[in-house]
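Structure record follows, encoded as structure tokens.
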Amino acid sequence: DAGVTQSPTHLIKTRGQHVTLRCSPISGHKSVSWYQQVLGQGPQFIFQYYEKEERGRGNFPDRFSARQFPNYSSELNVNALLLGDSALYLCASSLGINSYNEQFFGPGTRLTVL
Amino acid sequence: AQTVTQSQPEMSVQEAETVTLSCTYDTSESDYYLFWYKQPPSRQMILVIRQEAYKQQNATENRFSVNFQKAAKSFSLKISDSQLGDAAMYFCAYRSAKTGNQFYFGTGTSLTVIP
């Protein structure tokens, strides 16, 4: 079975632009979470979605938004990009939202904002 | 908010030797999970080991084991018989058992394995 997949692998944008990152969870997984990993830091939680509803939100500005589709894939959108948005964006999927559900991470999308 | 601290930005170990990575955390909760994740240069986060706070017995997965000290809020990872493939960033993470919708990660420890 395929693991969590993310696209694109790398992305270069300029300040002020908008970006959409995509994530496909493991088959059967209904929850998707997004994390931002700035160089030299640990991942920071952005969103969690379950059954197409937002179930958790980290301390990120409203420029960050996300959604989950009926097939449980997800998109992360970032508007008005800033240099500080440059990071590795990780997606993780799990069967459900219970804390004992293991989360499986994708390989990430490397976003560079110039 | 929960915080996770990894005080060793870099560690090195000789191949076949043992190394211990440190992690401390701060929480007011009594029920939670602790994790060690490995992130090789390929960037994919891989679960190494997991510990439930209500279990007194330390978790073990082959060459990987933890020393969980709940009262001290300490959660160290021991890697025995280190192999070249163990070289990676290692992240300690906390997850609440009640509001388990997010991980809190430490800043990571970069492990180098010397042949």
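Could you check the stretch B:9-45 and list, in sequence order, the residues that are facing another protein chain (nearest Cβ under 9 Å), exposed (fewer than 13 other Cβ atoms within 10 Å of the Cβ) and at pLDDT below 95?
B:Ser42
Is one or more of the residues making up the stretch A:78-99 of a type in the set (D, E, K, R) and out of contact with any Asp or Glu (no Cβ under 7 Å at 6 or more places or on another chain)?
yes
Could you give me the residue pairs with C-beta distances under 7 Å whose first residue belongs to the stretch B:91-106 and is more than 7 Å from every other protein chain (Cβ to nearest Cβ) and without any contact (Cβ under 8 Å) to a residue 60 or more places away in the chain, whose second residue is in a loop (DSSP other than H, G, I, E, B) and of a type outside the set (Asp, Glu) wherever it lies, and which are 6+ apart or on separate chains?
Correct list of pairs: empty, since none qualify.
List, please: which pairs have Cβ atoms under 6 Å, are six or more places apart or on different chains, and start with a residue in the stretch B:61-79 that is without any contact (Cβ under 8 Å) to a residue 60 or more places away in the chain and end with one that is among the small types (Gly, Ala, Ser)?
Close Cβ pairs (under 6 Å, with a partner that is among the small types (Gly, Ala, Ser)) amount to B:Arg63/B:Ser80; B:Val66/B:Ala59; B:Asn67/B:Ser76; B:Ser76/B:Ser22.
Tell me whether the stretch A:46-57 contains one or more residues that are within 14 Å of chain B (Cβ to nearest Cβ), surrounded by 13 or more Cβ atoms within 10 Å (Cβ to Cβ), closer than 18 Å to B:Pro41 by Cα and in contact (Cβ under 8 Å) with a residue 12 or more places away in the chain.
Taking every residue of the stretch A:46-57 in turn, none turns out to be within 14 Å of chain B (Cβ to nearest Cβ), surrounded by 13 or more Cβ atoms within 10 Å (Cβ to Cβ), closer than 18 Å to B:Pro41 by Cα and in contact (Cβ under 8 Å) with a residue 12 or more places away in the chain.
For the stretch B:49-67, indicate whether the set of residues that are more than 10 Å from chain A (Cβ to nearest Cβ), touching an Asp or Glu at 6+ places or on another chain (Cβ under 7 Å) and either buried (at least 17 other Cβ atoms within 10 Å of the Cβ) or of a type in the set (S, T, N, Q) (or both) is non-empty.
Yes, the stretch B:49-67 contains at least one residue that is more than 10 Å from chain A (Cβ to nearest Cβ), touching an Asp or Glu at 6+ places or on another chain (Cβ under 7 Å) and either buried (at least 17 other Cβ atoms within 10 Å of the Cβ) or of a type in the set (S, T, N, Q) (or both).
Of all residues in the stretch A:88-100, count the ones that are buried (at least 17 other Cβ atoms within 10 Å of the Cβ) and either touching a Leu at 6+ places or on another chain (Cβ under 6 Å) or within 11 Å of chain B (Cβ to nearest Cβ) (or both).
Number satisfying all stated conditions: 8.
Go through the stretch B:75-102 and report how many residues are farther than 24 Å from B:Asn62 by Cα and either surrounded by 18 or more Cβ atoms within 10 Å (Cβ to Cβ) or of a type outside the set (A, V, I, L, M, F, W, C) (or both).
Within the stretch B:75-102, residues that are farther than 24 Å from B:Asn62 by Cα and either surrounded by 18 or more Cβ atoms within 10 Å (Cβ to Cβ) or of a type outside the set (A, V, I, L, M, F, W, C) (or both) number 6.
The values are calculated or read from the model by the stated rules, or taken from the named source; none is laboratory data. Bear in mind the structure is a predicted one, so any value in this text is a computation, not a measurement. A quick note on method: Cβ atoms are made from the backbone with ideal geometry, for glycine too, and the neighbour counts reach across all protein chains shown.
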